[in-house]
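The next block holds one structure in the form of structure tokens; read it before the comments.
The values are calculated or read from the model by the stated rules, or taken from the named source; none is laboratory data. Fair warning: this is a prediction, and the values are worked out from it, not measured in the lab. Here the Cβ positions follow ideal geometry from the backbone for every residue, glycine too, while neighbour counts run over all protein chains shown.
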Amino acid sequence: MTEQLLECVPNFSEGKNPQIIKQITNEIEKVEGVRLLDVDPGYDMNRTVVTFIGPPKGVAEAAFYAIKKAAELIDMSKHKGSHPRMGATDVCPFIPVSGVTSEECIELSKEVAKRVGDELGIPVYLYEKSASTPERQNLAIIRQGEYEALPDKMKKPEWKPDFGPQVFNAQAGATVIGVREFLIAYNINLNTHEEKYATDLAFELREKGRSARTPNASPFYFKGTEILKYEKGAYPCGECEFIGKTIDETASHAQKIHSFDLIELLKINGVNLAKTEGQSVKIPGKFKSCKAIGWMVDKYNRAQISINLTDYKETSMHTVLEETRRLAAKRGLIVTGSEVVGMVPYPALLESGKYYLELQGRSTGVPVKDILETAVQSLGLRDVADFNIEDRVLGLPKNSENALVEMKLTDFICEVSRESPTPGGGSIAALAGALGASLSSMVSNLTANKRGSEDIDDILNEAAEKCQGIKFNLVKAIDDDTNAFNAYMNARRLPNKTPEEKAARNNEMQAGLKTAVYVPMNTALQSLKAIEIACTVAKYSNPSSITDVGVGAQSAFTGVIGGIFNVLINSKDIEDKIFVEEMRIKCAEIKKEAQQKLEEVLKIVEAYL
């Protein structure tokens, strides 16, 4: 069963006093089962982003007590900072990670919101997926006017809180709570102190876009231009003193007199000309699911584009960064790097790493750590602050500290040599298969992406990537095989006195034996795939590395045979005879195919010897 995990990323309006921040995070850490992942204070923003994770009930409890402590320690009437805010706990989003649905999270967010409103007397607005009305889905709309606007805003019927009193709380302000998809808080750093330059770029990038302006010669959109509005008599040419009664009239003039096609420019940028008079003409931004503003960060001595990627599957970090680099260069600016605030999902960083490897003409069939490090370096994530992959990547595949695969090689070999039955042949078979796949990956990467290898690059890059997947599965199987055997031995130790105990013990033993068959069967199948890929690699590899392919195929064949041995020995005591026969037939088929593929590889290899 998948573990239930919920992430919470509350933003507190305090980024200067570490003692206050510590008191708030202490409330989170005292809740059993909850793990504090990251605390990211921003001095100039006077705001701290906290990330923690755990089971739903624990996360809800931790969120409530953190909000309570923040309300006690932070006085919003005295708060100043560069980031928009409306409360001591400005926003408290819940993000489903695994084993929990959005619907379940929404109910939980409402429970927390009700408790905050009832017990703490703080007005609470629900947003995103928890929003009570479509108008309240957008955090920016709820937060318009910020803390200072709350006294008058809350008197209006349309701004009655979803929970809590409809009374201004001078100390705590108001809080926004809800469920959202994973948001990547992503900042791009510029080589300038001018906030307006960062803002200019932010308007280009964000989905909301910007107001259209009359053309000018400056690369900076805001310099020396007039905002275009849908209003009669207010359409200046921008090139001369002509003022048209409609946009069409001004556009016709611009085309005829100055050879400048204003209408075409607006259409290219997706502007809808059929708008209400009086509204400013809007040009949509370049990226969906992207919110952005510009600000100056004194701590880093540079301006930043502060970006929220609300759906990284639609708009990725590297896509936004590369476009920012292009736009910045047109303006004489340089992107010095970027910054992730809080956590970043493993798939998002992995995607960026693969993007840059492909851009560099390199294989993506390399270890995951190498791909992630490529992403970190290419995105410039260590430009203004440290970025530790182990600490900052949510969902990073990890082994337990006591896993066999985390042991030093010499320690693992010694562990195998002891009198204990595990780790045994099944784990060694998985290791052999993993090494076999790794060697084919190595040879693919040594051969591909070199001068003159263009015709075979796609074949070998694909082979390397497949080998990495096989390697990952077989490394996992090293511990899975040992764990399966230990589970069976534990079942044997169950009470065995009464008929009921005997039946329960036997059921557990039979289930354990089947698991002890499935694991080595997977080892055999994965190792067979490694040999099949070795056939391909052998045909196209650099002759100087051909023997490495042969060693890899032979090692993978050991994985096949070792897996089969364990399937057959563990099947002997299984009472389900149909299951046992199916396993025997399958083993014979795998062995025959593996022998044929190995002979193909060795024939190619030996031709070079």
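In the set Ile20, Ile67, Ile53, Ile28, which member is over 24 Å from Ile184 (Cβ atoms) and not charged (D, E, K, R)? Steps first, please.
Details: Ile67 fails: over 24 Å from Ile184 (Cβ atoms); Ile53 fails: over 24 Å from Ile184 (Cβ atoms); Ile28 fails: over 24 Å from Ile184 (Cβ atoms).
It is Ile20.
When the stretch 532-543 is examined, which residues are found to be under 33 Å from the mean Cα position of the chain (by Cα) and among the aliphatic types (A, V, I, L, M)?
Within the stretch 532-543, the first condition is being under 33 Å from the mean Cα position of the chain (by Cα), and the residues that meet it are 532-534, 537.
Result: Ile533, Ala534, Val537.
Residues are listed down the side, and each one gets a yes or a no for (1) in contact with a strand residue (DSSP E or B) (Cβ under 6 Å, 6 or more places away or on another chain); (2) crowded, with 20+ Cβ neighbours inside 10 Å; (3) in contact (Cβ under 8 Å) with a residue 60 or more places away in the chain; (4) not in a helix (DSSP H, G or I):
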residue	(1), (2), (3), (4)
Arg505	no, no, no, no
Gln510	no, no, yes, no
Ser527	no, yes, yes, no
Leu568	no, no, no, no
Glu575	no, no, yes, yes
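Does Arg47 meet the test of being in contact with a His (Cβ under 6 Å, 6 or more places away or on another chain), in the same structural domain as Ile141 (by TED's automatic domain parsing), under 25 Å from Ile293 (Cα atoms) and charged (D, E, K, R)?
Working: in contact with a His (Cβ under 6 Å, 6 or more places away or on another chain): yes; in the same structural domain as Ile141 (by TED's automatic domain parsing): yes; under 25 Å from Ile293 (Cα atoms): yes; charged (D, E, K, R): yes.
The answer is yes for Arg47.
Examine the stretch 183-199 for a residue that is part of a loop (DSSP other than H, G, I, E, B), under 32 Å from the mean Cα position of the chain (by Cα) and among the small types (Gly, Ala, Ser), and state whether such a residue exists. Walk me through how you get there before you give the answer.
Of the stretch 183-199, the ones part of a loop (DSSP other than H, G, I, E, B) are 183, 191-194.
Right, trim to under 32 Å from the mean Cα position of the chain (by Cα) and you get 183, 191-194.
Okay, now just the ones that are also among the small types (Gly, Ala, Ser), so none.
So far as the stretch 183-199 goes, no, none of its residues is part of a loop (DSSP other than H, G, I, E, B), under 32 Å from the mean Cα position of the chain (by Cα) and among the small types (Gly, Ala, Ser).
Select, from Tyr147, Tyr127, the only residue that is hydroxyl-bearing (Ser, Thr, Tyr) and in a helix (DSSP H, G or I). Lay out the reasoning, then the answer.
On the way: Tyr127 fails: in a helix (DSSP H, G or I).
The match here is Tyr147.
Does the stretch 167-182 include one or more residues that are in the same structural domain as Ala63 (by TED's automatic domain parsing) and in a helix (DSSP H, G or I)?
No; the residues of the stretch 167-182 include none that is in the same structural domain as Ala63 (by TED's automatic domain parsing) and in a helix (DSSP H, G or I).
Condition (residue is touching a Cys at 6+ places or on another chain (Cβ under 8 Å) and either in contact (Cβ under 8 Å) with a residue 24 or more places away in the chain or assigned by TED's automatic domain parsing to the domain that holds Pro345 (or both)) applied to the stretch 96-108: is it met by at least one residue?
Within the stretch 96-108 (the criterion being touching a Cys at 6+ places or on another chain (Cβ under 8 Å) and either in contact (Cβ under 8 Å) with a residue 24 or more places away in the chain or assigned by TED's automatic domain parsing to the domain that holds Pro345 (or both)), the answer is yes, since at least one residue qualifies.
Could you tell me which residue of the stretch 387-413 is surrounded by the most Cβ atoms within 10 Å (Cβ to Cβ), considering only residues that are within 25 Å of Gly54 (Cα to Cα) and of a type in the set (D, E, K, R)?
Going residue by residue through the stretch 387-413, those that are within 25 Å of Gly54 (Cα to Cα) are 387-403, 406.
Now drop any that are not of a type in the set (D, E, K, R), which leaves 390-392, 398, 401, 406.
Values: Glu390: 9, Asp391: 11, Arg392: 21, Lys398: 10, Glu401: 6, Glu406: 13.
Applying the filter and picking the extreme gives Arg392.
Please name all residue pairs, on different chains or six or more residues apart, with Cβ atoms under 7 Å, provided the first residue is in the stretch 69-85 and is in contact (Cβ under 8 Å) with a residue 24 or more places away in the chain and more than 25 Å from Glu29 (Cβ to Cβ) and the second residue is hydrophobic (A, V, I, L, M, F, W, C) and surrounded by fewer than 20 Cβ atoms within 10 Å (Cβ to Cβ).
Cβ pairs passing all conditions: Ser77/Ala170; Ser82/Trp295.
Consider Lys354 against the criteria (1) farther than 17 Å from Phe203 by Cβ; (2) in contact with a strand residue (DSSP E or B) (Cβ under 8 Å, 6 or more places away or on another chain): it satisfies all of them except one. Which criterion is unmet?
(2)
Can you name the condition, by its number, that Arg115 falls short on among (1) outside any helix (DSSP H, G or I); (2) of a type in the set (Lys, Arg); (3) touching a helix residue (DSSP H, G or I) at 6+ places or on another chain (Cβ under 9 Å)?
(1)
Of all residues in the stretch 422-460 being without any contact (Cβ under 8 Å) to a residue 12 or more places away in the chain and not in a helix (DSSP H, G or I), which is nearest to Glu358 (Cα to Cα)?
In this case the residue turns out to be Lys450.
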